[in-house]
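Heads up: the structure comes next, in structure tokens.
The values are calculated or read from the model by the stated rules, or taken from the named source; none is laboratory data. Quantities reported herein were computed from a predicted structural model and do not represent experimental measurements. Note: ideal-geometry Cβ built from the backbone for every residue, glycine included; neighbour counts use all protein chains shown. Heavy atoms of the whole protein, side chains included, go into the accessibility calculation; ligands, DNA and RNA do not. Shrake-Rupley method; radii C 1.70, N 1.55, O 1.52, S 1.80 Å.
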Amino acid sequence: VSTARNTGLDMAGGEWVAFMDCDDILKEGFFDKALPVTNTEADLCIFSYERVELMGEEELVAPLMLADRTYNTASDFADDYVRTGHLLVYSACNKFYRKEILDENGIRFREGLSFGEDRLFNYTYLRYCGSVTTSSIRMFRYMQRNPGSASKRSFPDYFNTIMMLHNAKMDCFLELSKGTTGTEKRDFVGYDLSTEMGRMIDRFSEYPGESRT
């Protein structure tokens with residue numbers, strides 16, 4: 001995935017860059033609706049989307065929604081994320097990035113990772129961008145139907161990768177956040193670590209090999 005995306009980034013010639021995965025379906029009319037959002041001074045545009053779980057003939061739809069808001073700086077954005085933990089920062093597929101910022105700072109996806117390359121890419125980009133816009137416009141439908149997808153298979157080095165991603169997230173947001181208190185930052189660190197540890201433990205029954213890494 002990272003190699004393919006990096007090849008696309010090297011070839012892209014537009015002002016903005018966006019990504020789509022094979023299990024995403026773009027919402028009809030999205031680009032027409034999103035055009036006013038891109039006609040701003042923002043360096044990063046983050047859109048809402050839908051997670052769709054296919055259960056036979058039934059679709060279970062969970063909208064992942066953001067408010068329509070512009071943060072004047074990446075630090076303002078980081079402050080809000082430290083306090084709320086809900087700004088859809090992980091995926092690269094619900095965002096528009098300025099190509100100029102990516103190229104000038106050599107920002108590319110880390111190759112060789114089993115998962116988490118999106119997060120590292122976003123954490124790096126946030127350090128270089130100015131204002132950030134979030135939007136209630138839904139960009140795509142994330143279709144969950146493949147039992148062999150990255151979220152549903154075993155990873156021998158799962159623990160070390162998760163801890164690396166946690167530390168990268170803390171480095172990014174604790175450095176960028178200038179308006180939060182020490183207590184808010186400690187709560188942010190504790191909540192993220194406990195959440196990740198809980199997810200790891202929940203996987204042990206299905207992937208017992210991960211509990212020995």
Set of lysines near LYS33 by C-alpha distance (under 17 Å), chain-local residues within fewer than 8 positions excluded: LYS95
Cα-based Rg of the chain normalised by 2.2 N^0.38 Å, two decimals: 1.04
Top of PHE159, PHE47, PHE109 by mean-square fluctuation, Gaussian network on the chain, Cα under 10 Å: PHE159
Hits among lysines - C-alpha to C-alpha of LYS185 under 16 Å, sequence gap 8 or more where chains match: LYS169
For the chain: accessible area per residue (Å², 1.4 Å): 53
Length-normalised contact order for the stretch 50-169 - Cα pairs under 8 Å, 6+ apart - percent: 37
Antiparallel content of DSSP bridges confined to the chain, in %, to 5: 65
Protection proxy ranking of 117-126, 69-78 - average other beta-carbon atoms within 10 Å, highest first: 117-126, 69-78
Pairs of alpha carbons in the stretch 91-184 whose separation is greater than 20 Å (percent): 51
Gain on full stretching of the segment that runs from HIS86 to MET20 - 0.36 nm per residue minus C-alpha separation: 21.6 nm
Ratio of Rg to Rh over the stretch 61-118 (Cα coordinates, Kirkwood Rh, two decimals): 0.99
Calculated from backbone phi, Karplus (6.51, -1.76, 1.60) coupling profile of the stretch 171-177 in Hz, x at Gly/Pro: 4, 5, 7, 6, 6, 6, 6
Spherically averaged projected area in nm², based on the convex hull that wraps the Cα atoms of the stretch 29-93: 5.7
Per-peptide average of other Cβ atoms within 10 Å, ordering 36-42, 86-92 highest first: 86-92, 36-42
Sequence-separation-based contact order of the chain, relative, with Cα cut under 8 Å and 6+ spacing, percent: 30
